[in-house]
Amino acid sequence: MIENPARRFCPQKGNIEVGKDADLIIVDMKATRKIRAEELHSKASWTPFEGMDAIFPESVYLRGEQIIKNGNFEGEKGFGENLWI
């Protein structure tokens, strides 16, 4: 789903290979939990999805650095970057 758009708009992303950014999300599709606004990373203090079952990532790698481990954010604030095309 990302390879062709990345090829066109953001060539450093889209694949797992040498020279690419190594962005990766690992999820367990069978592990669900309830959405709770206070656990979301948002400036809003509410969500219309409160109480619904959802799948959350177990691990997230951004440019090769693990920023979510065991479901907990461990990255540095501001580590992301905008991709202006």
task = Name the longest site-free stretch of the chain, where the excluded sites are chymotrypsin sites (Phe, Trp or Tyr not before Pro) in a DSSP loop with no more than 11 other beta-carbon atoms within 10 Å.
result = 1-45
query = Projected onto the charge dipole of the chain (+1 at Lys/Arg Cβ, -1 at Asp/Glu Cβ, origin at the Cα centre), which of ILE68, LEU24, GLY14 gives the Cα projection farthest towards the positive end?
reply = GLY14
Under-5 Å amide H pairs with ILE67, H placed in peptide plane, nonlocal only = VAL60, TYR61, LEU62
Long-range amide H partners of ALA22 with built H, under 5 Å = GLU17
The range 1-82, relative contact order [Cα under 8 Å, separation at least 6], % = 23
task = At most 13 other Cβ atoms within 10 Å plus a DSSP loop assignment makes a site exposed; report the longest stretch of the chain without any exposed GluC sites (Glu not before Pro).
result = 18-49
Size of electric dipole in the chain: Cβ of Lys, Arg +1 and of Asp, Glu -1, about Cα centre, debye, nearest 20 = 180
ask   = Extension gain CYS10-LYS43, at 0.36 nm per residue separation less the Cα-Cα distance, in nm?
value = 9.1 nm
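Each reported figure results from applying straightforward, stated rules to the coordinates on display, with no laboratory input. These numbers come from a predicted model, not from an experiment. Please note: Cβ atoms are built from the backbone with ideal geometry, for glycine as well, and neighbour counts cover all protein chains shown.
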